[in-house]
Amino acid sequence: MSAPLHENERIKLASHYLRGTLAQSLADELTGALNPDDAQISKFHGFYQQDHRDLRQERRERYLEPYFGFMLRARLPGGVCTPAQWLAIDGIGRELTSGSLRLTTRQSFQYHGILKRHIKPVIQGINRVMIDSLGGCGDVNRNVLCNPNPVESALHREVHEWAKRISECLLPRTRAYHELWLDGEQVGGGEDVEPLYGESYLPRKFKTAVAVPPHNDVDVYANDLGFVAIAEEGRLEGFNVLAGGGMGATHGDKSTFPRLADPLGFIEPHQTLAVAEAVVSTQRDLGDRRDRVHARLKYTIERIGLDAFRAEVERRAGLRFAPSRPVRFTDQGDRYGWVKGRDDHWHLTLYIESGRLIDGPGHGPMTGLREIARIHQGDFRITPNQNLIVAGVPEARKAGIERLARAHGLLAEERSALRRNGLACVALPTCPLAMAEAERYFPDFMDQVERLAHRHGLADQEMVIRMTGCPNGCARPYLAELALVGKGPGHYNLMLGGDGIGKRLNRLYRENLDETAILAEIDSLFGRFAANRQPGERFGDYLIRDGLVRAVVNPAEDYHD
Amino acid sequence: MGKPLDLKHSCYPATLLENRRITTPDAIADVRHLALSIDPKVLSYRPGDALGVWFHNDPALVEALLAELSLDGAAPVSLGDGELSLRQALSERLELTQLHPTGVRAWADLARADDLSELAADAARLRAYAGERQFIDLVAAHPARIDAGTLVGLLRPLQPRLYSIASSQAEFEDEVHLTVSVVSYQAHGRDHLGGASGFLGARVGDRDPVRVYVAENEGFRLPEDGATPVILIGAGTGVAPYRAFLQARAANGDAGRHWLVFGNRHFHRDFLYQLDWQAQRKAGRLHRVSLAFSRDDAEKRYVQHRLREEGRELLRWLEDGAHLYVCGATAMGQAVHRALLEILAGEAGLDPDAAEDYLDNLRRAARYHRDLYA
Ligand SMILES: Cc1cc2nc3c(=O)[nH]c(=O)nc-3n(C[C@H](O)[C@H](O)[C@H](O)COP(=O)(O)OP(=O)(O)OC[C@H]3O[C@@H](n4cnc5c(N)ncnc54)[C@H](O)[C@@H]3O)c2cc1C
Ligand SMILES: NC(=O)c1ccc[n+]([C@@H]2O[C@H](COP(=O)([O-])OP(=O)(O)OC[C@H]3O[C@@H](n4cnc5c(N)ncnc54)[C@H](OP(=O)(O)O)[C@@H]3O)[C@@H](O)[C@H]2O)c1
Ligand code: SF4
């Protein structure tokens, strides 16, 4: 039965703790690309090789290689950064990358179009303001999400500290990052140790999130490892721990499915890191290294069973989980506009369409944020919905910041409730996995949806709508009330039935539709919803109640029904 | 440059197989890869040779000139070997896109343009003036009435242009490839196109005959011994002959090492034949590559900068008997020459005279080859 290890396992093992031949790849002037093996290893250092897919054919005809550029994703636990850091991030983006920035669904920022010879200056640049990209991508723990709750200021600070500690604890220990990018000293061959990960790291990517109820903006159930903060009177009591969530699926492969994380139980704060390490090491040892499609923790748990998995984690962490505490979530979106925190400071959530910060004619979100950063004294928080919070603004500075935000089109006010809760992944032209458009097409698509909503009197309806270019699910489409998942150029699977709080997976409703067919379906569903909804009922809940969509109960068994 | 005996009569009608732009739309120069079909029994060439190309002037330019001078294109004129129409003479026989200083002087008299006469008295100013104009610019700036006969007497006969051959017949027996940078600029209130490069790049149609001849170039040959290492230095279209060199050496199975030193403006836009060089390296034939993209960064970097950085390695190659080749614009060639002298002084500790002697000796030993053009 024993299939060979996946090719990536050989690459990791041979990489000498993530060095590979990256140094040679960088020095090679003849190509803007990396050696194929190094293109895998680079992910652990936070960057992906991409190429401008629209240009491939044309460039080949000109005897030019593809237009290679690199996407670099920083590690920024909980998405928090200072104005000084922001100014540095912005400056590097303008000078050394495609000139734009993208806020990600994992509360970090990404640069696109970095040329090979600029990778090092970019990494050195962010390093100067104490930001790194280690583990931004790759088979390790990725950026740790944390609810950016600006209202519960003290609680957020405490929980955010835990997010940072988890991130540090799950960080690779190799010196390769320092050696390659920061001109750190070379450490002799055998001296590196990777006590948690070992030489092969994890079988697959690993995602961790920390939620602070009642907000589920981090989509905690979509993560391999989730911590749900349990607070009493604003004081952190501990966490409900969840494991085995994940979005990715493969079209046409019924052995793959999105999955919500299962509860492991309640722990006290001081047990957090032991549990995080135990979950990671269990997945390190038991995860499938032969088949990357089934290598995420969710499949490991399906394979060995939740009870056995929990027991193993308890054994490794040297503790017993207490019963999970009851929690209630109310939303998975962002709260736009100003809110006042318990510490009397104000917090402004800005609207950033698809997280994309690029200055266009007459529209300058990047400039706007730069100007805000110049006068702001609190911090910035990137949200898991790719927006940005200007946090910790004293009453006296509110007006000035609002003026800048308004002048640069950063306020959500003019956007419909539908659009404000939207999420789209990067997809074409840069993502190598994209099968259809997402971010570039999403605004046009939403124009059409808004038109239909208007026609059915649903203009003010809150609704979570998401779009991705492929089933990998970077924008967590399977937790949306309505989602389009790219199937081929101009064609999508229409997914329906999320609950708007991230606790119910949606289900495939119609396969491989073009825009006309999608809009016709939405038109008819909106019509039925408008006519039959109960007061306060959400679209996704209505679809389930009316039997239009059957709820997913156990995706391993009923997702593909 | 070897002398073909009789350009006019040894001319061969090649047909255009392919004309593709190989720089991106946002590149500064419009560089074309041209493939012409030839009969190998009639036309043969060797790596290092150039192709002489006859061309017709741009019909739009001919009409504009006729209009400017209020002359009738159908008017008969005689050009030594018989009568033809003025239009045909301007299109096929006379130089319109390169302005010669004597033409300027003659026109100054005809137009009784005092300022022009004054300028023409200063040789340097005259050369500069002529160097940035076509005949029509002169006529438009200083109108005069002349007849058709006077006009054809004033213009010099059309000359073919040379282009380094970018292919090897060992690989493409019945084709010849060129790498043509289309001269195109805005000046004096109109768009200008180079005579030959405009013809090749923009006007020749598929299957149109192009009259060509091989201009042998004995001074720019690969070493006799296929095992001899070679250093290939070129900027812009100067890289063209090296494509031919590598094709020839590949076909021969030669074991010599190759070092390409190439410069252009932007890595992503005008890295001419990038895929060819990558394939050659993959096949084990390109051992070292040094690139200089002059406009990718704030600071200009040219091939000579790369050579200076790698002076020690260059000396090592020369010690191993490497041949040096330099091809492309004259200014680049001169700058490379100076860089070589500096390397010999800096890395090998030669005094200036000894460094000159060293390069002279290389040249005499046919190990330092240059093919430069303005
Ligand atoms: C041995 C040899 C090999 C060569 N190989 C190649 C090759 O491989 N590829 C290649 O592209 N060329 C090559 N050349 C150059 C080529 O022969 C022509 O000189 C070139 O293509 C220009 O010719 P043209 O007829 O298009 O332009 P012309 O009609 O000759 O016009 C050129 C003239 O226009 C004027 N001019 C040009 N630019 C400007 C400007 N910006 N402003 C004002 N005036 C301007 C100048 O007076 C210039 O002399 C080579 C030349 C030689 C001698
Ligand atoms: N300039 C034009 O528009 C144009 C168009 C067609 C043909 N031509 C002529 O056709 C030939 C080839 O043209 P091309 O565009 O392929 O190449 P080119 O004009 O020679 O330019 C090639 C590269 O050489 C650089 N360069 C400029 N001056 C140099 C110097 N002194 N030393 C070393 N490198 C130098 C250029 O940099 P920078 O440009 O950044 O300085 C560019 O990166 C040349 O004879 C050229 O004059 C010119
Ligand atoms: S969901 Fe698919 S297309 Fe979109 S960014 Fe992720 S991998 Fe790319």
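Each principal axis of segment A:467-511 carries a Cα extent, and these read 30, 20, 10 Å when sorted largest first. Note that segment A:337-410 carries a Kirkwood radius of 12.3 Å, evaluated over its alpha carbons pair by pair.
Computed over every Cα-Cα pair of segment B:1-116 and binned at 5 Å starting from 0, the pair-distance distribution P(r) comes out as 2, 8, 11, 14, 17, 15, 13, 11, 6, 2, 1, 0 percent. By the compact-protein rule of thumb, 2.2 N^0.38 Å, the alpha-carbon radius of gyration of segment A:283-375 corresponds to a ratio of 1.84. At q = 0.21 Å⁻¹, what log₁₀ I(q)/I(0) does segment A:119-161 have when each alpha carbon counts as one equal point scatterer in the Debye sum? Ignoring solvent entirely, the Cα scatterers give -0.82. Percent of C-alpha pairs per 5 Å bin in segment A:230-385, short distances first: 2, 7, 12, 13, 13, 12, 12, 12, 10, 6, 2, 0.
When the P(r) is computed for segment B:193-237, the part past 15 Å accounts for 69% of the Cα-Cα pairs. Sequence-ordered 3J(HN,Hα) estimates for segment A:72-87 from the Karplus curve with 6.51, -1.76 and 1.60 and θ = phi - 60° stand at 10, 10, 7, 9, 8, x, x, x, 8, 8, 8, x, 5, 4, 4, 4 Hz, glycine and proline given as x. Each of A:His52, A:Ala483, B:Ala29 was placed along the dipole of the protein assembly as shown (beta-carbon charges, centred on the mean Cα), and the one lying farthest toward the positive end is A:Ala483. For chain A, the orientation-averaged shadow of the C-alpha convex hull comes to 25.8 nm² (one quarter of the hull surface).
Hydrodynamic analysis of segment B:205-303 uses the Kirkwood radius over alpha carbon pairs. Inserted into Stokes-Einstein at 20 °C and 1.002 mPa s, it gives a translational diffusion coefficient of 143 µm²/s. Note on A:550-558: average number of Cβ atoms from other chains within 10 Å of each residue's Cβ is 0. Taken over the C-alpha atoms, chain B has Rg and Dmax values of 22.8, 68 angstrom. Restricting attention to segment A:337-410, close to 100% of DSSP beta bridges with both partner residues there are antiparallel. For segment B:230-373, take every pair of Cα atoms, bin their distances at 5 Å starting from 0, and report each bin as a whole percent. Per 5 Å bin, starting at zero, the Cα-Cα P(r) for segment B:230-373 comes out as 2, 10, 20, 23, 21, 14, 8, 3, 0 percent.
With the helix formula -39500 (n - 2.57) applied to DSSP H stretches of n ≥ 4, chain A reaches a computed 222 nm mean residue ellipticity of -9500 deg cm²/dmol. Under a 5 Å amide H cut-off, with hydrogens placed 1.01 Å from N, A:Arg510 pairs with A:Leu494 among residues at least 5 apart or on other chains.
Based on every Cα atom in the protein assembly as shown, Rg and the maximum pairwise Cα distance Dmax equal 34.7, 109 Å. Shape analysis of segment B:73-115 yields a ratio of the Cα radius of gyration to the Kirkwood radius, Rg/Rh, of 1.08. With viscosity 0.890 mPa s and temperature 25 °C, the Kirkwood radius over alpha carbon pairs of segment A:403-561 converts through Stokes-Einstein to a diffusion coefficient of 154 µm²/s.
Taking only the Cα atoms of segment A:189-237, the radius of gyration and Dmax are 16.3, 52 Å. Working note: Cα gyration tensor of segment A:401-475, eigenvalues times five, square-rooted, sorted largest first, giving semi-axes of 24, 18, 10 Å.
Amide H to amide H, with H built 1.01 Å from N, A:Cys470 comes under 5 Å of A:Met435, A:Gly486, counting only residues 5 or more places away or on other chains. For segment B:110-125, 3J(HN,Hα) computed residue by residue from phi via the Karplus equation (6.51, -1.76, 1.60; θ = phi - 60°) reads 4, 8, 6, 9, 5, 4, 5, 4, 4, 4, 5, 6, 9, 4, 5, 5 Hz, glycine and proline entered as x. Close amide H partners of B:Ser164, meaning residues 5 or more places away or on another chain with modelled amide H under 5 Å apart, are B:Leu51. Of all beta bridges DSSP finds with both residues in segment A:454-561, what is the antiparallel percent, to the nearest 5? Around 70 percent of the beta bridges assigned by DSSP in segment A:454-561 are antiparallel ones.
Beta-bridge orientation, the protein assembly as shown: approximately 70 percent antiparallel, per DSSP, counting only bridges with both partners inside.
Where a number appears in this text, it was derived from the coordinates with a stated rule and is not lab data. Values in this document were obtained by computation on a predicted structure and should not be read as measured data. Ideal geometry is used to build each Cβ from the backbone, glycine not excepted, and the neighbour counts take in all protein chains shown.
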